[in-house]
Amino acid sequence: MTVATDLGDVDIEGVDFAFEDRPDIHEVLEGLRELKSHAVVPFAGVKAVLLLTNDLVAAAFKDEEVFPASAIYPMTTGPVLGKTLQCMAGDEHRKNRALVSPSFQRKRVAEFIEPLLQPLAHELIDRFADRGSVDLVAEFTTRYPVLLISRLMGLPEQDEATIHRWAHDLFYFPFDPEAAMRASQDFSDFATPIIADRRSNPGDDLISVLVTENQEGETLTDDEVLSFLRLLFPAGADTTMLALGNTLSALLTHPDQMELLRSDLAEHAIWAVWEGLRWEPPVGLLPRACPEAVSWNGIDIPALTPMVFSINAANRDPDVYPDPHDFDITRRKQAMLSFGRGPHSCAGNWLAIAELETALTALLQRLPGLRLQDGAEADAKVTSQVGVALRGPNALSVEWDV
């Protein structure tokens, strides 16, 4: 059997799908998808395969044998986060996921975590509700998910500003590796004695659950707990931060949808969340790798080829979503690819959904007539935050009736 040794010419010039911002990314992806279901694109100076349809992206997520997460994450996130679930495969991954997943299952989220969400959202809103204007990115969307993670861990509230800085530095690892490495070490030094204490005196917090959870006689080591806790900042807090900002951006720039949402929050809030995740997922492009040469779904892929799963293209695939560029909260579809699929799908998807729905509802209940300030439209648009993959608004300068 002949195996491919080269991908051939790239299908697009002028954009690197690893690092560059591309304001017209959806138009670019649509143009590529109209030609074929995948494209050969520049990626960090080499050629990569970009998957562009819902079917291909879903199939690739599930095919852990051909596109193992463990082939890419030890190089990309491993240096700063440690050996996380993303870096694991086979029995090691199954064991670790089984030990951490119970904390984020839908029933546990409803019973133990949701009671924290509304008080925290209102606590943050209390800080600016009387002002009549605020930048929601600076004072709400960047703080709410990090504070929730911190409180789920049972960390001291007086340390929340420091934890927020660590979360920021871990998130921006590609741009400032030294700051990220310092944050990783500082957090480890901070959390290690807490882990030891929770092993001896467990409570009802997340760290206590992680150190006491037992599956068939297996428990997590301190290093495994630390790696998972570090992963929670970029994977649990920062992605939720971007998702919340993207959904608010969509609503604030689509007044008809905002009015529909206001007309019945109980009915529409959850679907506004799902539509926000579809319309502009926080992780739009997810890098993987193909370690071995393969012919997969009609694509000849050489060994060691970078792969890019375009979640944002899949979420606007017209074969699945009619009028895909329209932001429409009556669409009533759950864009599950925004959380991945297969063995490495997001373990905290139900926590994220609960956070987003609670935050959105609280903001609209507390801030009547919420709207963008004059001249704030440009900064409110979704744009690159970390390369072309992670996207969100730079600012959401809003005002309301007081």
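When the range 72-90 is filtered for residues that are within 28 Å of ARG278 (Cβ to Cβ) and either touching a residue at least 24 places away in the same chain (Cβ under 8 Å) or β-branched (Val, Ile, Thr) (or both), the ones remaining, listed by number, are ILE72, THR76, THR77, LEU81, THR84, LEU85, GLN86. Exactly one residue among LEU356, LEU367 is within 30 Å of SER101 (Cα to Cα), of a type in the set (A, V, I, L, M) and buried (at least 20 other Cβ atoms within 10 Å of the Cβ), and that residue is LEU356.
Here is a yes/no grid of residues against (1) at pLDDT below 95; (2) farther than 21 Å from LEU372 by Cβ; (3) surrounded by fewer than 24 Cβ atoms within 10 Å (Cβ to Cβ); (4) over 15 Å from the mean Cα position of the chain (by Cα):
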{"site": "ALA237", "(1), (2), (3), (4)": "yes, yes, no, no"}
{"site": "LEU244", "(1), (2), (3), (4)": "no, no, no, no"}
{"site": "LEU252", "(1), (2), (3), (4)": "no, no, yes, yes"}
{"site": "ASP256", "(1), (2), (3), (4)": "no, no, yes, yes"}
{"site": "ARG262", "(1), (2), (3), (4)": "no, no, yes, yes"}
{"site": "ALA272", "(1), (2), (3), (4)": "no, no, no, yes"}
{"site": "TRP279", "(1), (2), (3), (4)": "no, no, no, no"}
{"site": "PRO282", "(1), (2), (3), (4)": "yes, no, no, no"}
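When we screen LEU226, LEU232 for residues that are touching a helix residue (DSSP H, G or I) at 6+ places or on another chain (Cβ under 7 Å) and either closer than 30 Å to LEU29 by Cβ or surrounded by 24 or more Cβ atoms within 10 Å (Cβ to Cβ) (or both), the only hit is LEU232. Residues in the range 16-29 that are under 26 Å from VAL294 (Cα atoms) and surrounded by fewer than 18 Cβ atoms within 10 Å (Cβ to Cβ): ASP16 only. Contact annotation: no residue pair with Cβ atoms under 6 Å, 6 or more positions apart or on different chains, pairs a residue in the range 181-210 that is surrounded by fewer than 15 Cβ atoms within 10 Å (Cβ to Cβ) with a partner that is acidic (Asp, Glu).
In this structure, VAL109 does satisfy being more than 22 Å from PRO287 (Cβ to Cβ) and among the β-branched types (Val, Ile, Thr). Criterion first (in a loop (DSSP other than H, G, I, E, B), closer than 21 Å to ALA395 by Cα and under 23 Å from the mean Cα position of the chain (by Cα)) does PHE128 satisfy it? Here the answer is no, as PHE128 does not meet what is asked. The residue pairs whose first member lies in the range 230-257 and is more than 14 Å from TYR144 (Cα to Cα), whose second member is at pLDDT below 85 and part of a helix (DSSP H, G or I), and whose beta carbons are closer than 6 Å, counting only pairs six or more residues apart or on different chains, are ARG230/LEU81; LEU231/LEU81.
The values are calculated or read from the model by the stated rules, or taken from the named source; none is laboratory data. The model shown is predicted, which means the values in this text are computed figures rather than measured ones. For neighbour counting, all protein chains shown are included, and Cβ atoms are generated from backbone atoms with ideal geometry for every residue, glycine included.
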